[in-house]
Amino acid sequence: MGTVTTVIQYILGLGASVVLPIIIFLLSLFFRMKPGKAIRAALTIGIGFIGINLVIGLLTSTLGPAAQKMIENTGLNLPIIDAGWPVAAAISFGTAKVVPWIFILGIAINLGMIALKWTSTLNVDMWNFWHFIFSSAFVYIATGNFWLGLLIGLITLVVVLKLADICAPVIQDYYKIPGVTTAHTDTVSWAPVGWCLNKVLDHVPGFRHNKMTPEYIQDKFGSWAEPMVMGTILGAVIGLLAYFPDMTGGAWGTAIKGIVLVGISMGGVMLLLPRMVALLMEGLIPLSDAAQDWIKSRYPDRELNIGLDAAILVGYPANMSVAIILVPITLALGVLMSYLHLNQMLPFADLADTPFFAVWATTWCRGNIARGTAIGTFFVACMLTIGTFMAPATTILAHQANFTIPQGASQISSIDSGAHLIAYFFAFFFVFAQAKAYGTAFIVWSIILLAIALVCYVTFFAHVIRGGKPGIEDREQYMSADELEAEEEERKALAEAEAQGAGAGW
């Protein structure tokens, strides 16, 4: 197995931008696409991911210094450092005994579930298989039981595939990406919670009839509310919060430079990310069409969805708007919750990942920024607590994986680690003893969060089992007037075309 692990880690070391096109090319050939079209689709998808990563890199390099300045302004000094998602990935790939089995059995289980009609998702997002290993790692290290750890990782995979199945219709309807879903654990894990919270907001004054989508705001405020301009304004506000103290200290030039740089960069991100996603879709649509044709030619009653990274969804204006708003909110929550003894983690490296955390805050309400911000705020509060809860075990695992601990940090974790909600479900009782050191208030709050999340999962799956279709059955309730009007016009045009066709046939 050591050789298999080495090969897997070498392939994954090439990065998603290389691995994914190879997988897409092989899949395209399997689905009978012509080699030339298969190469073009694979390269387009790979380049789309490169573009997305470049834009997110711009987000990281700009928000990182601004976040650091905001943290300095608060004077906050918490013992756990948010070292970012790489710490979770390092822990996963560092658990070498589990790695090959998760990949081999994970792929086999996915194909077996498709054959048995237990799932319609083919997960090609191999890079993010480390999410399933992440669940395994805590249980395996805590118990020393390899088989139990492996079982937990595979159960995580199955749950994520089922969530991907359930969420596929709303993804395809709202984002207009046919034949695609996301099996991205640290995002889709929050889909049941986001759905339940959105239903709760239906009964809250101020949210009940709110239609504050980017389109509505743009209609209301014109060019001032274009994503590019709105991103620049929100970015400038973040820059002001970060660099304002420099003005009072006389460093006007440095402060203005920082504010303008953050503002322009955020505007650039808001403009460029959707275009990179559009490029990605250009390569995905031929593959999706080929997959559906292949499936229908053999199994007329079946559909197959391609499971991808949530990066395909982050570039939409509502997601990015909520993500930028969540940056200062996350820092404020970090401060407030630390005073309430509900958080011990200093938000930092994963602040640039808020677009991913925003996806299932906005999708159920179809881009409503007010609802998305409220739901996203709850998500982040949970992630800070969960990240803190997992910190002692994360630090031990990071040492074993030879992850470099930031200087001055007594413990490390990440907001992304806190986003692994399913891992939290399974690891809770195994690492509970270590987390008790944070005090009674923290433990009580952790148990309450666990209970809320479990209730959301039970409610969500019970609704689906009863025949509910989340995000589809109630779509018109959250659609803007423009969307409803455009859909009605499309229906009329289709009806007229069918009537003309019937008349010509008669």
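With Cβ to Cβ distances under 13 Å as the rule, what net charge do the other residues near PRO178 carry (K, R +1; D, E -1)?
Local net charge: -4.
At 0.36 nm per residue, and after removing the present C-alpha to C-alpha distance, how many nm does the segment from ALA493 to SER61 gain when stretched out fully?
Full-extension gain reported as 150.8 nm.
For segment 375-447 and segment 81-129, compute the distance between their C-alpha centroids and round to whole Å.
One Cα centre to the other: 21 Å.
Could you compute the FRET efficiency for LEU340 and ALA251, with r as their C-beta to C-beta distance and R0 at 35 Å, rounded to 0.05?
About 0.55, to the nearest 0.05.
Given a Förster radius of 51 Å and the C-beta distance between VAL18 and ASN145 as r, what FRET efficiency does 1/(1 + (r/R0)^6) yield to the nearest 0.05?
Values: r = 35 Å, r/R0 = 0.69.
Efficiency, from the Cβ-Cβ distance: 0.90.
Would you kindly state how much longer the chain becomes between ALA486 and ILE155 on full extension, computed as 0.36 nm times their sequence separation minus their alpha carbon distance, in nm to one decimal?
Numbers: separation 331, 0.36 × 331 = 119.16 nm, distance 4.19 nm.
Result for the pair: 115.0 nm of gain on full extension.
Expressed in nm to one decimal, what extension gain is obtained for the pair ILE452 and VAL200 from 0.36 nm per residue of sequence separation less their Cα-Cα distance?
89.4 nm
Could you give the accessible area per residue of segment 359-506, probe 1.4 Å, as a whole number in Å²?
45 Å²
First select every other residue whose beta carbon is under 15 angstrom from the beta carbon of MET390; then total the charges, Lys and Arg +1, Asp and Glu -1.
Within the 15 Å Cβ shell, the charges total -3.
In the set [x] 144; [y] 157; [z] 170, which value of volume of the Cα convex hull per residue in Å³ was calculated from the structure you see?
The listed entry that was calculated here is [z].
Could I have the simple spin-label model distance between THR440 and PHE30, label points 7 Å from Cα toward Cβ, reported in nm to one decimal?
Result for the modelled spin labels: 5.6 nm.
Report in % the part of the accessible area of the chain that belongs to carbon and sulfur, leaving out ligands and nucleic acids; probe 1.4 Å.
Percent of accessible area from carbon and sulfur atoms in the chain: 68.
Mind giving me the FRET efficiency for GLN68 and LYS117? R0 is 30 Å, r the Cβ-Cβ distance, nearest 0.05 is fine.
After rounding to 0.05, the efficiency reads 0.05.
Could you state the accessible area per residue of segment 239-347 in Å², with a 1.4 Å probe and every protein chain left in place?
Numbers: 4370 Å² over 109 residues.
Counting only protein heavy atoms, the per-residue value for segment 239-347 is 40 Å².
Express the C-alpha Rg of segment 380-505 as a ratio against the empirical globular expectation 2.2 N^0.38 Å, rounded to two decimals.
That works out to 1.78 for segment 380-505.
In what sequence, highest mean first, do 323-330, 459-466 appear when ranked by Cβ atoms within 10 angstrom?
323-330, 459-466
Checking the table LYS211/LYS492; LYS34/LYS162; LYS37/LYS162 against a 27 Å threshold on Cα-Cα, which pairs fail?
Pairs exceeding 27 Å: LYS34/LYS162; LYS37/LYS162.
Excluding residues on the same chain fewer than 8 positions from LYS257, give the lysines whose Cα lies under 18 Å from its Cα.
Filter leaves LYS69.
The values are calculated or read from the model by the stated rules, or taken from the named source; none is laboratory data. Source: prediction; values computed, not measured. A quick note on method: Cβ atoms are made from the backbone with ideal geometry, for glycine too, and the neighbour counts reach across all protein chains shown. Please note that ligands, DNA and RNA were not included when accessible areas were found on the heavy atoms of the full protein model with its side chains. Shrake-Rupley method; radii C 1.70, N 1.55, O 1.52, S 1.80 Å.
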